[in-house]
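Peer 1: Quick one: the structure is below, and I'll ask about it shortly.
The values are calculated or read from the model by the stated rules, or taken from the named source; none is laboratory data. All figures in this text were calculated on a predicted structure; none of them were measured in a lab. Every residue, glycine among them, receives a Cβ derived from its backbone with ideal geometry; neighbour counts consider all protein chains shown.
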Amino acid sequence: MQPPAPLLALSLGVLLHLVGCSGGSRAEPVEWAVIEEPNGTTYQLRARFGGSSCTEFEEWQVEETNARVEVQAIVTFTGGADDECTADLVFEPHTLRLSAPLGSRELIGCDPPEDRRDCTEVIPPRIT
């Protein structure tokens, strides 16, 4: 099963961006996906980003409210314009344990707002 086109486009964009490793250090959210069917209040997630000598996974951030659950996978991008950065693909797993079932709450944060998709969609890992 092929990942959705927006997922591939975003991944390619992140990889191309990292090859250049623009100046300064900055923390940014990266895409993530639910990789297995949820088990009650437990979700298996996996962040996907261009890893290199110019990136470091920082943390998973989760905010639950009565209306939504927002999850962000935060990566720090470092390096200057003259730095050479490798363009590897990195996967960072996470077990999300909600305080209550998702129910009618919206699960958000898996993609940038301009490429928004249904974050509850299960996208199993591909073995290639």
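Peer 1: Confirm whether Arg46 is over 18 Å from Glu31 (Cα atoms), of a type outside the set (Phe, Trp, Tyr), in contact (Cβ under 8 Å) with a residue 24 or more places away in the chain and touching a strand residue (DSSP E or B) at 6+ places or on another chain (Cβ under 6 Å).
Peer 2: Against the criterion (over 18 Å from Glu31 (Cα atoms), of a type outside the set (Phe, Trp, Tyr), in contact (Cβ under 8 Å) with a residue 24 or more places away in the chain and touching a strand residue (DSSP E or B) at 6+ places or on another chain (Cβ under 6 Å)), Arg46 does not qualify.
Peer 1: While we're looking at this one, here's another question. If you scan the range 44-56, which residues turn out to be more than 21 Å from Pro124 (Cα to Cα) and surrounded by fewer than 21 Cβ atoms within 10 Å (Cβ to Cβ)?
Peer 2: Of everything in the range 44-56, those that are more than 21 Å from Pro124 (Cα to Cα) and surrounded by fewer than 21 Cβ atoms within 10 Å (Cβ to Cβ) turn out to be Ser53, Glu56.
Peer 1: Suppose the filter is within 15 Å of the chain's Cα centre (by Cα), touching a residue at least 12 places away in the same chain (Cβ under 8 Å) and surrounded by fewer than 18 Cβ atoms within 10 Å (Cβ to Cβ); does Ala67 pass it?
Peer 2: Considered against the rule, which asks whether it is within 15 Å of the chain's Cα centre (by Cα), touching a residue at least 12 places away in the same chain (Cβ under 8 Å) and surrounded by fewer than 18 Cβ atoms within 10 Å (Cβ to Cβ), Ala67 comes out as no.
Peer 1: While we're on this one: Are any residues in the range 30-43 assigned to a strand (DSSP E or B) and either buried (at least 18 other Cβ atoms within 10 Å of the Cβ) or without any contact (Cβ under 8 Å) to a residue 24 or more places away in the chain (or both), and if so, which ones?
Peer 2: Listed by number, the residues that qualify are Val30, Trp32, Ala33, Val34, Asn39, Tyr43.
Peer 1: For the range 105-121, indicate whether the set of residues that are part of a loop (DSSP other than H, G, I, E, B), over 18 Å from Glu63 (Cα atoms) and at pLDDT 95 or above is non-empty.
Peer 2: Yes, there is a match, as at least one residue in the range 105-121 is part of a loop (DSSP other than H, G, I, E, B), over 18 Å from Glu63 (Cα atoms) and at pLDDT 95 or above.
Peer 1: State yes or no: is Ala87 modelled with pLDDT under 95, among the aliphatic types (A, V, I, L, M) and more than 17 Å from Ala27 (Cα to Cα)?
Peer 2: Against the criterion (modelled with pLDDT under 95, among the aliphatic types (A, V, I, L, M) and more than 17 Å from Ala27 (Cα to Cα)), Ala87 qualifies.
Peer 1: Filter the range 81-104 for residues that are in contact (Cβ under 8 Å) with a residue 40 or more places away in the chain and outside any loop (DSSP other than H, G, I, E, B) and give the result.
Peer 2: Leu89, Val90, Phe91, Glu92, Pro93, His94, Thr95, Leu96, Arg97
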